[in-house]
Each structure stands twice: as structure tokens, then as C-alpha cells.
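The values are calculated or read from the model by the stated rules, or taken from the named source; none is laboratory data. Since the structure is predicted, the reported quantities are computational estimates derived from the model, not experimental observations. We place every Cβ from the backbone using ideal geometry, glycine too, and count neighbours over all the protein chains shown. For the accessible areas, the whole protein counts, side chains as well, though only heavy atoms, and no ligand, DNA or RNA atoms are used. Shrake-Rupley method; radii C 1.70, N 1.55, O 1.52, S 1.80 Å.
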Amino acid sequence: MQVTETLTEGLKRGFTVVVPGSDLSEKREKRLAELSKTMQMPGFRPGKVPLSMVRKRFGDAVAAEVMEASVNEATERMINDRSLRPAVQPKVEVVRAEPDSDLEFTVELEVLPEVTIPDLKAISLTRPKAPVTEAEIDEAIARFAEQRAETEVVTEDRPAATGDILTVDFLGKRDGVPFEGGAGTDTDIELGGSGFIPGFAEQMEGMKAGETKVITVTFPEQYHAAELAGKEATFDITAKALKRRVAPVIDDAFAEANGFENLAEFRKFFADRLEQSRAGASRLKVKRALLDKLAEQADFPAPASLVDAEFAEIWRQVEAEKQAGRLDEEDAGKDEETLRADYRAIAERRVQLGLLVAEIGRTNNVQITEQDMRRAMIAEMQQFPGQEKMIMEFYQKNPRALDRLRGPIFEDKVVDYALELATVTDEEVSAEALFADTDD
């Protein structure tokens, strides 16, 4: 095999590879001989079909098979001999592949850059932490109890106020004509609650059972019924009953009714949930800080092919947000050229950071175990109750889909490794500060 390097430009490499025709002929003959031993044809005993007949029937197919295998083998050997690390699948193009002649083809590829790992011990980070207080546990339990509150009819003669529940009949009209889906009977509406058209429930405040009222509302521009979106309508309201929520007494009996031994165990459950939530937010923030520090030190070129792929995915999401009218104000005010440049810079940063994280893991032998994968699959199945078997079968039939689980696991394990070496100082903050910006 003869290899000639034709391109060395940044991370791009190009080669011309020539495989001697004699090698191809030898492989073709060997493959035809293998077929002749298993081939069956009328008039011949199994394995006794003449080689000339095998060649006549399968010669072209074998030649194509041998050529493809030779291209793959030669490409792999060329890459290994030169210790190249392709960023993406090499582009291969056959130049000459005539019978009884040498096989000539070209290989173009981008290689991964030399990645210098920064001194992880020199990185200093602050990890925010927000201790759980007894008052916060009380608030969490109160919210839980409120969701399980029962309702009772208000017997005193008073108007409906925020927090009350008004049972009403209503009839919606457009220009005095009832419209489809605009009527309801014995409907409970919480004043101050959500779920109705803005301004609908608010105008019922002050009504008493037995009273009627006509209210006017404007449907939201994004309302699901296009014929009503942005339109004004009236509703005839008849108040039939006034109710209020009665929160349960939070004691041992309430705890037992919800599956706990006593109130102490009930409180511990909520305390643990709050702790877990805050530990997750704390972990997320220190992880982001670490990755930002690493990104700042990722001083190497990113393969254009990887940046292109990352940018294409980002831009697809940006265009979807744009069509849905959900672009943030800063992006909405930019022209497309500026927006593309900004997001391409983000794509390049992501690729550089990904390569640096991968190199830290590779050089420090960070491994993903079967136990790691099992935990990830269990977590995946817990998100879709009742579909566990279907999810398991999907991954069994599509092993490559497991890569979607491996990536985050590997990144987290590299982050754990780096945090062990970095200097991390805990800082007590409020719960509001801890959770700020954790949804970005």
C-alpha cells in the first residue's frame, strides 16, 4: 500500500492511497474459492462447482465486495499508522478501480486537535449552599395540606373574595350570539386561581349566591381556538353557591392518613426532599462554574465539521423559537447575520469544552460502568411510568441509542474527578439565590 499526503491545513488532512492490483486479485481469488466450497448447483456435488462457473456468476459481486473491504482496511491502517484521531468519519472517494489494476482512492478528514489539560488543582470555585430551615419545612407541608384541603359551603351572607370558590353557570356570547364551547353548568371557579381566561374569575369577586352578572373579557392572542383568539366576548354569570377551602389539621393523624408513622416522619420526608432539591441546585451551579473555568482555558482550534454540526442543531432550535415567537428580547433585536455569528461562537465554545472534557476523561481513565448505565436506564424508565418494558426493549434493539445516556454520565464523572482536585469553598446563600438561573 502506498500513501501520499496531499493536504495539511490546520486540522484538515488529505491523502491519496494506492492498493496494488495484485493484492486485490489475491483477495478476489481467495473469496471465490471460499464460495466454491459452499455453493450448490444442479449437476454438481456440494463444494465441487468449478471455479470458472463461480467466477462467472459471482465475479462482479466479489470484486465490489473486495474493493469496499480493501478501501476500509487501507483507510483504517493508514489512520492507525499515522496515529491520527479523526474528528468525524473520513470522506473517501475512489479514483481508480478497474479490473486487474491498482486501486486508487483519496481520504479527506479533520483530526482532533492537541488538547492541553489545565492544572485542575489551580482551579478555585465557590459552591453555594442553602440550609433547610424549620420554617421552610412548615411551608412545604402547608402547601401539601392545602392541595388536600376540602371545601365547605359558606353559610354567612357575604360576597365572594379571593381564595373562595364560586359555583356558577355561565354562557359566553360574541356579538350577542352564544359560541361553541362557551357554556358551563355548576362549574367551580376559584377566585384568584388560574385556568380561565384572564379577567374572567377576577370579575366575579363580590358576587353572592343567587346573583347574576354580565362580564366582558378579551381572549388571549395565543388562545387555542383561533376563531376566539384576541376577540372580545361577554359571559352571562349566575352564581349558585359560595364555598371555601378548609385546610386539614397537620398532626399525627394527618401524617398517618398520608402513609407515614407520625408527624416527625412526615416532616423528615419533606426535609429530605428539600435537601435533595437544594443539593441538586448546588451541584448544578458548581458544575457550571467549573465548566466555565475549563472553557476559558480551552485554547485550541475546534474542528470545523464538529462546529458545523453543533451550530446546525443550535440554529434549528433558534429558528423554532423564532417561529413560535419565543426568542428573548436581546436575540429578537439582532439581524440574522449577527445572530448566526453569536450562536456559531457558542457552538465553537461547546465543541472546545466537549473535547477538553473528553480529554480529561481519556487521560485519567474515567470509565462508565454497567452499574452507571443501569442507574441511568432506571432513571429514564421512572420518567415514564407504565412504559418501562417498552423503554427496555427499545434500548435492547437500538444499542447505539445508549450513547444518549452515556454522554451525560461521562461528563458528570469527569466533573466529579475535576472537583476532587479543584479548591471548592462552600458559601451559604438564600434559597432564592441558590435557585436563581438554574433553569437556563
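So for segment 304-327 (the condition being touching a strand residue (DSSP E or B) at 6+ places or on another chain (Cβ under 6 Å) and closer than 30 Å to PHE144 by Cα), does at least one residue qualify?
no
Please list, ordered by residue number, the helices (runs of 4 or more DSSP H) wholly in segment 360-436 having 3 or more residues that are open to solvent by 60 Å² or more (accessible area, probe 1.4 Å).
Result: 370-382, 388-397, 403-421.
Cβ contacts < 6 Å: first residue free of Cβ contacts under 8 Å to residues at least 60 places away in the same chain, restricted to segment 27-38; second residue part of a helix (DSSP H, G or I) and open to solvent by 80 Å² or more (accessible area, probe 1.4 Å), any location; separation 6+ or different chain. Result?
From residues that are free of Cβ contacts under 8 Å to residues at least 60 places away in the same chain, the pairs are LEU32/ARG55.
Please give the strands (runs of 3 or more DSSP E) falling wholly within segment 103-208 in which 2 or more residues are open to solvent by 80 Å² or more (accessible area, probe 1.4 Å).
150-153, 177-190
Could you tell me whether segment 246-259 includes any residue that is part of a strand (DSSP E or B) and either open to solvent by less than 50 Å² (accessible area, probe 1.4 Å) or touching a Leu at 6+ places or on another chain (Cβ under 7 Å) (or both)?
Scanning segment 246-259, I find no residue that is part of a strand (DSSP E or B) and either open to solvent by less than 50 Å² (accessible area, probe 1.4 Å) or touching a Leu at 6+ places or on another chain (Cβ under 7 Å) (or both), so the answer is no.
Which residue pairs have Cβ atoms under 6 Å apart, sit 6 or more places apart or on different chains, and have a first residue in segment 309-321 that is within 15 Å of GLU336 (Cβ to Cβ) and a second that is modelled with pLDDT of 95 or more and open to solvent by 50 Å² or more (accessible area, probe 1.4 Å)?
Every condition considered, the pairs that remain are PHE311/ARG344.
Kindly indicate whether any position in segment 4-19 is in a helix (DSSP H, G or I), exposed (fewer than 12 other Cβ atoms within 10 Å of the Cβ) and over 41 Å from the mean Cα position of the chain (by Cα).
Scanning segment 4-19, I find no residue that is in a helix (DSSP H, G or I), exposed (fewer than 12 other Cβ atoms within 10 Å of the Cβ) and over 41 Å from the mean Cα position of the chain (by Cα), so the answer is no.
From GLU427, GLU380, GLU330, which residue is touching a strand residue (DSSP E or B) at 6+ places or on another chain (Cβ under 8 Å) and either within 30 Å of THR126 (Cβ to Cβ) or of a type in the set (Asp, Glu) (or both)?
GLU427
Within the group GLU330, GLU313, GLU348, GLU319, which residue is open to solvent by 40 Å² or more (accessible area, probe 1.4 Å), within 30 Å of VAL429 (Cβ to Cβ) and assigned to a helix (DSSP H, G or I)?
Being open to solvent by 40 Å² or more (accessible area, probe 1.4 Å), within 30 Å of VAL429 (Cβ to Cβ) and assigned to a helix (DSSP H, G or I) holds for just one of GLU330, GLU313, GLU348, GLU319, which is GLU330.
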